[in-house]
Amino acid sequence: MPSNIVIVESPAKAKTIEKYLGKDFTVLASYGHVRDLVPKEGAVDPEHNFAMKYEIIEKNEKHVNAIQKALKKAKALYLATDPDREGEAISWHLYELLKERGALEDKDVHRVVFYEITKGAVQEAIDHPRGLSNELVDAQQARRALDYLVGFNLSPLLWKKVRQGLSAGRVQSPALRMICEREAEIEAFKPREYWTIEADMQHDGSAFPARLAEYRSTKVEQFSFGDETTATGVRDDLITAAGGQPGPQTEGVPTGKLRVHAIEKKQRKRNPAAPFTTSTLQQEASRKLGFGARRTMMTAQRLYEGIDTDEGSVGLITYMRTDSVTLAKDAIGEIRDFIGQRYGTENVPEEPRAYKTKAKNAQEAHEGIRPTSISRTPDSLKDHLNADQFKLYSLIWKRTVACQMMHALFDQVALDLLPVTEGEAGRFRATGSTLVKPGFIAVYQEGQDDVKDDEATSALPKVEEGDVLDLMTLRADQHFTEPPPRYTEASLVKALEEFGIGRPSTYASIISTLQNREYVEMDGKRFIPTDVARIVNGFLTTHFTQYVDYGFTARMEDELDEISRGERDWIPALEEFWTPFEKLVEEKEVSVSREEAGQSRELGTDPKSGKPVSVRMGRYGPFVQIGTREDEEKPKFAGLRPGQKMATIELDEALELFKLPRKLGQTPEGEPVSASIGRFGPYVRYGDKFVSMKEDDPYTVTLERALELVAEKKIADANRLILDFEEQGIQVLNGRYGPYVTNKEKNARVPKDRDPKSLTLQECEELLAAAPVRGRRGKKKTTKKAAAKKTTTKKKATKKKKKKADKKKAGGKKKKKKKAAARKTAAVSTPPATGSAPETGDAA
């Protein structure tokens, strides 16, 4: 039995490492985190130095048991989880669990870290172990406690004031604020007209453009020419100055002449981009490969942990959670040798390129993301990688090679051109550049440069000062300013990093949360905030301004970094945050009404009733309301249609929503037919039955189309019914899993050897008698653990009620003690039915 047990997070990583260590080592996987905060009230206790209550993660308990069993015959435990806060926390939790169980008595416990899974790196780590880092563990505990205290206090407040199922978070909410503020900028944006004057030039058969840079001794700015009259007047004046005649221009015939006044030549260098960090890898994979942040990180994790190759299982890249851009000296030497062999020594700089990390809290001991061996080219691994792995590895490999190559060299030429007849009328500028030495561009270009394309290899014709060139056409072109673009994953990640919000390793989960909570919709690759997102953001920015402030969130990250470096104690840092935060939550719970939080907007007056029309957020989503809660008649409600937004819906659009249900006519049998929208979407009603509409619009569907849907439904229902014992209320039906007998209370499967059409009433009654009573739809099975938890919760709830009643009786006595940090989780609700009243408190 091996005398040493090594623990890593994943079985893939374990498989790769075990082959490097030999028969004296067994490598086991923890399968990620082994403990987490208990998901209930009091998991973090601010009144007792933020004591944290943990429980083992149920799905990973068997893996902890396997580790405990293996340790019985071992002498030493090596904790080899990832080399960051998260990895340190996993090692610490596992250590604490095993210590509680007495599994570490007489065992040597070591912490080992490596940044690439290669034989040399792993062996070096085993040979030079250290102890667990209390500073990194404290920083992770502080982060976890902060996230818990924010999420478990703000989220329940949102459930009460807006609607259930919503969430707020320390980093998630500032990210949402960015998206909402950008949308508000776009909506408030007013396009401004401007015109440019551009010349199409020709010389010795070569055509090129030139732009007006100066007019009548005044520099041309973006808004120098604000309308068509001004722009065409300038154009005609310049045509005259160039010896031409204003008016229609004949294609292929010069409209005037411009003289070369000055020629400016220079060479420009462009240097390669630095090696990838987590953030830049996510951005570039989004731009070039169309990968989301989560997809990028999952693929990179697999490349890091090990891929089966001709050499066996090999870690192909260094650790992918890093904000450093430095590379190891050995790696740089290997890369430079490879460049010389593959691309020629002229592409190897005299000195290795060194990059400085911009991130304020980067750990320089880490490396940027690079291949573990540059000699493993993408093509040599193609047969061993899936499509995503090959694309991402190729991206990392190319960027790494390029970062140590020579700069690209451009010849850049600029021409100043003046009209031949009246030179002082204006000055045109033409620029061109030619790539002379590609250098690193032969291997890789950063994605954003592909978009800007301001270094295109368009050359100008060879000219001399004084040469007269043909002005083929002079164009006055209209333009309008454009609003700022919506965020993509790449630009959001970049913005978060620039503001210092969160850490690159958390960006994937932040983006996933925004999508899963339905806070954002996608327009292509760009984020659009939903109505509920804007309500939540409005509530938080109005009432919790400091806590969604970009600067505050960034300062919290700085404090966590100080804790990780041992420069600050974590408990005082949490106390500094918690005391004012708790007070504010308690105050807002009382002072902010549901109506205020819902941010209703009055649209106008209903012409029929004279009552106010407003749009607001309800339990099932945004809706329009006619009337108020104070009216004698109950207010009318209608849910918004897909694509309609609370911020932009107008009165006439809102009143259209109340045309439902639309009466369409009758079926041939005389049943009334109408169209409307319910909680589960649009439908046609005929008599007292319903048929869903998948593609049709209830506002425009015709009677003819509705009858088609009804006929299809009747055919489907007829095919479903096999036998009907109407008097007894028993039917034999075709179901998704085969024929069955039902009396609406019980369902019984028809035996496979019986023809359902031949069943008698007695046989049906016998089958139903033997069947269990049908459970409520959606009710889940309860595990023993969950049942025990439920019982405990019930007892606690009963105690709480009793306590509350006692307090009420003794009114006027001392106030309740401080509220606990946690609130219970609530389920997400479904969207509203048109015309149905929302929950109490929605109507104003």
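The values are calculated or read from the model by the stated rules, or taken from the named source; none is laboratory data. Please read all numbers here as calculations on a predicted model, not as lab measurements. Glycine gets a Cβ as well: all are built from the backbone with ideal geometry, and neighbour counts include every protein chain shown. Please note that ligands, DNA and RNA were not included when accessible areas were found on the heavy atoms of the full protein model with its side chains. Shrake-Rupley method; radii C 1.70, N 1.55, O 1.52, S 1.80 Å.
For the reader, a short list of remarks on this structure follows.
- Unique residue being under 30 Å from Tyr519 (Cβ atoms) and of a type in the set (A, V, I, L, M) when the list is Leu136, Leu157: Leu157
Here's the yes/no breakdown for (1) under 17 Å from His33 (Cβ atoms); (2) among the β-branched types (Val, Ile, Thr); (3) in a loop (DSSP other than H, G, I, E, B):
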site	(1), (2), (3)
Lys69	no, no, no
Glu86	yes, no, no
His93	yes, no, no
Val113	no, yes, yes
Val122	no, yes, no
Leu136	yes, no, no
Ala142	yes, no, no
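- The single residue among Leu77, Leu104 that is hydrophobic (A, V, I, L, M, F, W, C), in a loop (DSSP other than H, G, I, E, B), farther than 14 Å from Val137 by Cβ and open to solvent by less than 60 Å² (accessible area, probe 1.4 Å) turns out to be Leu104.
Residue by residue, here is whether (1) among the β-branched types (Val, Ile, Thr); (2) open to solvent by less than 50 Å² (accessible area, probe 1.4 Å); (3) within 22 Å of Tyr20 (Cα to Cα) holds:
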position	(1), (2), (3)
Ala70	no, yes, yes
Arg111	no, yes, yes
Asp127	no, no, yes
Arg130	no, no, yes
Asn153	no, yes, no
Cys180	no, yes, no
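- Residue match in segment 145-163 (condition: of a type in the set (Phe, Trp, Tyr), in contact (Cβ under 8 Å) with a residue 24 or more places away in the chain, in a strand (DSSP E or B) and over 20 Å from Glu576 (Cα atoms)): no
- Just one of the listed residues (Ile7, Ile17) is closer than 19 Å to Tyr319 by Cα, more than 28 Å from the chain's Cα centre (by Cα) and in a strand (DSSP E or B), and it is Ile7.
- Every residue from segment 21-32 that is open to solvent by 30 Å² or more (accessible area, probe 1.4 Å) and at negative phi: Lys23, Asp24, Phe25, Leu28
- Among the residues examined, Asp558 qualifies as within 18 Å of Gly500 (Cα to Cα) and acidic (Asp, Glu).
Each row is one residue, and each column tells you yes or no for (1) among the polar types (S, T, N, Q); (2) within 14 Å of Ile7 (Cβ to Cβ); (3) touching a Pro at 6+ places or on another chain (Cβ under 9 Å).
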residue: Lys73; (1), (2), (3): no, no, yes
residue: Asp106; (1), (2), (3): no, no, no
residue: Val122; (1), (2), (3): no, yes, no
residue: Ala142; (1), (2), (3): no, no, no
residue: Gly169; (1), (2), (3): no, no, no
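- Enumeration of residues in segment 453-499 that are closer than 30 Å to Thr229 by Cα, open to solvent by 70 Å² or more (accessible area, probe 1.4 Å) and either free of Cβ contacts under 8 Å to residues at least 40 places away in the same chain or not hydrophobic (A, V, I, L, M, F, W, C) (or both): Arg475, Gln478, Glu482
- Every condition in (1) assigned to a helix (DSSP H, G or I); (2) open to solvent by 30 Å² or more (accessible area, probe 1.4 Å); (3) closer than 30 Å to Ser10 by Cα holds for Arg342 except the one numbered (3).
- Being modelled with pLDDT under 90 and either open to solvent by 100 Å² or more (accessible area, probe 1.4 Å) or not aromatic (Phe, Trp, Tyr) (or both) is a property that Arg777 has.
- Answer residue from segment 667-719, given it is closer than 18 Å to Glu656 by Cα and not in a strand (DSSP E or B) and is most open to solvent (accessible area, probe 1.4 Å) among those: Thr700
- Test: residue in segment 48-60 that is in contact with a strand residue (DSSP E or B) (Cβ under 6 Å, 6 or more places away or on another chain) and among the polar types (S, T, N, Q): no
- Residue in segment 640-659 that is outside any strand (DSSP E or B), without any contact (Cβ under 8 Å) to a residue 24 or more places away in the chain and farther than 30 Å from Ala533 by Cβ present: no
- All positions within segment 409-445 that are open to solvent by 40 Å² or more (accessible area, probe 1.4 Å) and acidic (Asp, Glu): Asp411, Glu422, Glu424
- Residues located in segment 554-564, provided they are open to solvent by 40 Å² or more (accessible area, probe 1.4 Å) and closer than 14 Å to Gln141 by Cα: Glu562
- Residue identified as surrounded by 18 or more Cβ atoms within 10 Å (Cβ to Cβ) and within 22 Å of Ala508 (Cβ to Cβ) among Val171, Val162, Val137: Val171
- Out of Leu385, Leu395, Leu381, one residue alone is touching a Ser or Thr at 6+ places or on another chain (Cβ under 8 Å) and either closer than 20 Å to Thr118 by Cβ or open to solvent by less than 20 Å² (accessible area, probe 1.4 Å) (or both). It is Leu381.
- Residue in segment 500-517 that is open to solvent by less than 20 Å² (accessible area, probe 1.4 Å), more than 30 Å from Val615 (Cα to Cα) and modelled with pLDDT of 90 or more present: no
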